[in-house]
Amino acid sequence: MDFSYTAKEEAFRNELRTWLQDNLPEGWLDGTFEYPEEENERAAFLRDWQRKLSEGRWAGISWPEQYGGRGATLVEEVIFEQEMAKVKAPPIINTIGTAMVGPTLLQIGTDYQKETYVPKILNGDEIWCQGYSEPSAGSDLAAIQTRAVKQGDKWIINGQKVWTSFAHLADKCFLLARTENTGKKHEGITAFLIDMHQPGVEVRPIHQINDAYDFNEVFLNDAVAYEADVVGEVGDGWRVGLILLSHERVGVAKQTFRLQKLFDELADMAKTLEKNGRPLIEDQIVRQKLVGFRAKTRALLLNYYRHLTDTIRNGRPGPEGSLDKLASSELGQQMLAFGVSIQGANGQLWKEDAPVNANWQKDWLRSFAYTIEGGTSEIQRNIVGERILKLPKDIKH
Amino acid sequence: MDFALNEEQTLFQNQTRQFLESKGDLTIPRSYMEGKEEVLEELWKGLGDLGYMGITISEEYGGLGLGDLTLVPILEEMGRVVVPGPYPETVAFAVPLLQAYGTEAQKQKYLPSIAEGKRKVTLAVLEASGELAPSEVQLQAKVSGDEYVLQGTKILVPHGDIADTLIVPVRTGGTNSEYGISLVIVDADQVTLDTKKQISMDETRKMVQVTFNEVRVPKAQLLGPENAGWGILQSGLIHLNAALTSTMVGGMDRVVEMSTEYAKTREQFGQPIGRFQAIKHRIVDMKLDMDSARSLSYYASWAVENKTDDMVEAVALARSFSSEAYLDIAGKNIQNHGGMGFTWEFDCHFFLKRARALENHLGSPESFRETAAVEMGWNGKKALV
């Protein structure tokens, strides 16, 4: 057991810290920065941040150096997420490109695909999204119905995708579609790279309960993919899709570190708010609950480190990531709910009228998606039950 | 960054499991409950032969000179089998205190015999209220020549009837304050103690009321400076609470395993019940709690071994979380076993009762959380009620 970092890892951390100090938007660190409200301005801001990261070689840090990455180790990737969480850095708009599509193309893409797409992923010129879920294929992802039919050297795609993050901003999409109906769900799926700026692609943002638009519906109406844009073999898309997901090497590192920060914010709020003229943190019930959250956030972090140790030793992540996902999503919900709750009757107000900081209300509402997106808690519990505890498999058709 | 047991610690874990299986696994606590108290003696001797009594004792006194972390896998294995006996009290309370505060003569007298498996030590700290607080230490120690004369009663002394040695916080001064508490080492074979077994739900962890009636102990049996015993006690309790947490994690580990195995084999509606999400998901939640308790416990023992700044907080968080989680999942284990889990013949109740025995022992989950709050700088004592 050793919680220390090597000199090389510390140097990596320091380099990143210095870079963040110099490159975060004006006013970001002292909290005076104001996020652009207007959608286009916000997109421009995020693209700009992506470009800065690329220029500093902080986009795609795990990529091999020959492709512009840093060949970062797993621990360095974790340090990256730690430092980004500490400063609550702006979201990385091309995260699907840099974290998943790029590495997948480098692993199994053709030379054409590597030359055409990879450099623009890294420099942020092309933003990517990922077309997986469909209205009838949520947890049961293999049930996708979007069809791709070959016509000459093109594939014509029809169907609908849903819950597609970044689709309204994306230039390209990594898309799964059915190319054959063999009767077996996992067969006959093919992975395509398609252009989002074509007539056959229509994106409609989804209005969420937090009055925001993180996700989209994507309608494919005779959308076109070229033969050269099939990833892997035709009909092998399920496996290719899994390869893509396997590049999420550090699991829920980001969420885990964000929750450490959230705990601090929760405690700080309890020190500021008052009840009967005394700081809320002196109230026994609040105090006890807070320390309970402290234990859980620590446990989350330490569980994550234990699983990371396993990943380093085994050379690849195991199903334990599902335990971390399950725990982090539920703990996030609990802490945000408590954060709003201790604001008392005024806690029902949001936006400009939020009593403390509008993020509490916004994030609390957003947290209801934590246990749905990226695999519901029910699916995570099945994965843990079946792959770790080896309990009998769920009834499936 | 490496957050796992090392090779040596894993080896200890495997050896302990083999040893306990060879002694009958869960028939050990059952035999003990049925009155075969010799199983404890056999166990103790075996652990001594394996060298497990001296893990943290320095080599010059016959031990291995390893840290608290090495005890973790052994304590977990003991928790898995709900073994009887004051092992945590001996190796994770008496040993660190003797090493830190014992005189040379005390070290010579006690440490080698502990290492050989020839001495069981327990802690006699609680009095009538069962609360751990300076005001509750009222057992009087009057000086008479070069002796203390002890008068008073301690309760809930783990295995106080068979312990060779008791470490006893007594009052040598003051009335209710921390000042005036001293620790005295009492050898059971040198004095006459009036012991009375208390009827505990957990029959694998005997609770004993020990009455000291004009018990005379030489002043040389004082552990650490006179009147400064409260602080010394706390430094010992850090080790002990970390160790008790490890035994709870072991119990949790076993409970998850029992539920998992039962859910694979028990069939209803033509299916193993583990196929049903109502059962499967509950077991997953139990595992998650167990993993969290284990991570907090590993970290706590690592912090204690390395004397980190957050050592007290780390132990308090681990202890409060585990005390509640163990009780909770031991109950869920009964539910997963259905009617069989409710029977005396099935082993499920061992874990429930051990969890209950430890829940508030030496501090409630609430009190440990308050300790953590104060450690985090949330100005204590002023808390509103």
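The values are calculated or read from the model by the stated rules, or taken from the named source; none is laboratory data. Keep in mind the model is a prediction, meaning the values are calculated, not measured. All Cβ positions, glycine included, derive from the backbone under ideal geometry; neighbour counts span all protein chains shown.
Report, ordered by the first and then the second residue, all pairs with beta carbons closer than 9 Å, sequence separation of six or more or different chains, a first member in the range A:14-33 that is farther than 12 Å from A:Leu53 by Cα and in contact (Cβ under 8 Å) with a residue 12 or more places away in the chain, and a second member that is part of a loop (DSSP other than H, G, I, E, B) and of a type in the set (D, E, K, R). Between residues of the range A:14-33 that are farther than 12 Å from A:Leu53 by Cα and in contact (Cβ under 8 Å) with a residue 12 or more places away in the chain and residues that are part of a loop (DSSP other than H, G, I, E, B) and of a type in the set (D, E, K, R), the close pairs are A:Trp28/A:Lys88. Among the residues here, A:Glu217 qualifies as within 14 Å of A:Gly131 (Cα to Cα), among the acidic types (Asp, Glu) and touching a residue at least 12 places away in the same chain (Cβ under 8 Å). Among the residues of the range A:319-339, the ones that are in a helix (DSSP H, G or I) and either basic (Lys, Arg) or surrounded by fewer than 21 Cβ atoms within 10 Å (Cβ to Cβ) (or both) come to 6 in all.
Of all residues assigned to the range A:210-231, at least one qualifies as being among the polar types (S, T, N, Q) and under 23 Å from A:Ile121 (Cα atoms). Among the residues of the range A:262-289, those that are surrounded by 19 or more Cβ atoms within 10 Å (Cβ to Cβ) and without any contact (Cβ under 8 Å) to a residue 40 or more places away in the chain comprise A:Ala267, A:Ile281, A:Glu282, A:Asp283, A:Arg287.
Of the residues making up the range B:26-62, those that are outside any helix (DSSP H, G or I) and within 24 Å of B:Ala242 (Cα to Cα) are B:Leu26, B:Gly51, B:Ile55, B:Thr56, B:Ile57, B:Ser58, B:Gly62. Selection of the range B:116-137 for residues being among the polar types (S, T, N, Q), farther than 12 Å from B:Glu89 by Cβ and in contact (Cβ under 8 Å) with a residue 40 or more places away in the chain yields only B:Ser135. Annotation: of all residues in the range B:296-338 being among the hydroxyl-bearing types (Ser, Thr, Tyr) and in contact (Cβ under 8 Å) with a residue 12 or more places away in the chain, the one that is farthest from the other protein chains (Cβ to nearest Cβ) is B:Tyr326. Somewhere in the range A:29-37, is a residue aromatic (Phe, Trp, Tyr), crowded, with 16+ Cβ neighbours inside 10 Å and not assigned by TED's automatic domain parsing to the domain that holds A:Asp363? No, that holds for no residue. Among the residues of the range A:39-55, those identified as of a type outside the set (Lys, Arg) and more than 13 Å from A:Thr98 (Cβ to Cβ) are A:Glu39, A:Asn40, A:Glu41, A:Ala43, A:Ala44, A:Phe45, A:Leu46, A:Asp48, A:Glu55. Can you name the residue in the range A:241-272 that is assigned to a loop (DSSP other than H, G, I, E, B) and hydrophobic (A, V, I, L, M, F, W, C) and is also nearest to the chain's Cα centre (by Cα) among such residues? The selected residue is A:Val252.
Only residues that are of a type in the set (Lys, Arg), in a strand (DSSP E or B), more than 21 Å from the chain's Cα centre (by Cα) and farther than 15 Å from A:Gly241 by Cα were counted across the range A:130-184, and they come to 3. For A:Ala212, the criteria (1) under 30 Å from A:Gln343 (Cβ atoms); (2) among the small types (Gly, Ala, Ser); (3) surrounded by 15 or more Cβ atoms within 10 Å (Cβ to Cβ); (4) not assigned by TED's automatic domain parsing to the domain that holds A:Ser377 hold in every case but one, which is (3).
Checking each residue in the range B:290-311 for being buried (at least 23 other Cβ atoms within 10 Å of the Cβ) and either on the phi > 0 side of the Ramachandran plot or of a type outside the set (A, V, I, L, M) (or both) picks out B:Asp291, B:Ser292, B:Arg294, B:Ser295, B:Ser297, B:Tyr298, B:Tyr299, B:Ser301. Only one entry in A:Gly315, A:Gly292 is more than 9 Å from every other protein chain (Cβ to nearest Cβ) and either surrounded by fewer than 21 Cβ atoms within 10 Å (Cβ to Cβ) or at pLDDT 95 or above (or both), namely A:Gly315. Mind listing whichever residues of the range A:343-395 are in contact (Cβ under 8 Å) with a residue 24 or more places away in the chain, within 14 Å of chain B (Cβ to nearest Cβ) and of a type outside the set (S, T, N, Q)? The answer is A:Gly375, A:Glu378, A:Ile379, A:Arg381, A:Ile383, A:Val384, A:Arg387, A:Ile388.
Just one residue in the set B:Phe269, B:Phe321 is at negative phi and modelled with pLDDT of 95 or more; that residue is B:Phe321. Here B:Ile232 passes the criteria (1) touching a Leu at 6+ places or on another chain (Cβ under 7 Å); (2) under 30 Å from A:Lys393 (Cβ atoms); (3) surrounded by fewer than 21 Cβ atoms within 10 Å (Cβ to Cβ) except the one numbered (2). Surrounded by 16 or more Cβ atoms within 10 Å (Cβ to Cβ) and more than 30 Å from A:Val240 (Cβ to Cβ) - does that describe any residue in the range A:46-62? Among the residues of the range A:46-62, at least one is surrounded by 16 or more Cβ atoms within 10 Å (Cβ to Cβ) and more than 30 Å from A:Val240 (Cβ to Cβ), which makes the answer yes.
Results for (1) basic (Lys, Arg); (2) facing another protein chain (nearest Cβ under 9 Å), shown as yes or no for each residue.
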{"site": "B:Arg254", "(1), (2)": "yes, no"}
{"site": "B:Thr260", "(1), (2)": "no, yes"}
{"site": "B:Gln277", "(1), (2)": "no, yes"}
{"site": "B:Lys280", "(1), (2)": "yes, yes"}
{"site": "B:Ile283", "(1), (2)": "no, yes"}
{"site": "B:Met286", "(1), (2)": "no, no"}
{"site": "B:Ser292", "(1), (2)": "no, yes"}
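Is there a residue in the range A:348-367 that is part of a loop (DSSP other than H, G, I, E, B) and of a type in the set (Ser, Thr, Tyr)? No, that holds for no residue. Does B:Leu362 qualify as being at the interface with chain A (Cβ under 9 Å from one of its Cβ atoms) and in contact (Cβ under 8 Å) with a residue 24 or more places away in the chain? No, not satisfied. Note on the range A:113-161: residues that are out of contact with any strand residue (DSSP E or B) (no Cβ under 7 Å at 6 or more places or on another chain), in the same structural domain as A:Gln198 (by TED's automatic domain parsing) and among the basic types (Lys, Arg) total 1. With respect to the conditions (1) over 26 Å from A:Thr297 (Cβ atoms); (2) surrounded by 21 or more Cβ atoms within 10 Å (Cβ to Cβ); (3) hydrophobic (A, V, I, L, M, F, W, C), B:Ile283 lacks only one, and its number is (1).
Once the range B:120-165 is narrowed to residues that are small (Gly, Ala, Ser) and assigned to a strand (DSSP E or B), the residue that is surrounded by the fewest Cβ atoms within 10 Å (Cβ to Cβ) is B:Ser144.
Each row is one residue, and each column tells you yes or no for (1) within 14 Å of chain A (Cβ to nearest Cβ); (2) small (Gly, Ala, Ser).
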{"site": "B:Phe3", "(1), (2)": "yes, no"}
{"site": "B:Leu11", "(1), (2)": "no, no"}
{"site": "B:Ser58", "(1), (2)": "no, yes"}
{"site": "B:Tyr61", "(1), (2)": "no, no"}
{"site": "B:Gly65", "(1), (2)": "no, yes"}
{"site": "B:Pro73", "(1), (2)": "yes, no"}
{"site": "B:Val81", "(1), (2)": "no, no"}
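A:Asn276 fails exactly one of the following numbered conditions: (1) at pLDDT below 95; (2) within 30 Å of A:Asn314 (Cβ to Cβ); (3) in the same structural domain as A:Asn357 (by TED's automatic domain parsing). What is the number of that condition? Failed condition: (2).
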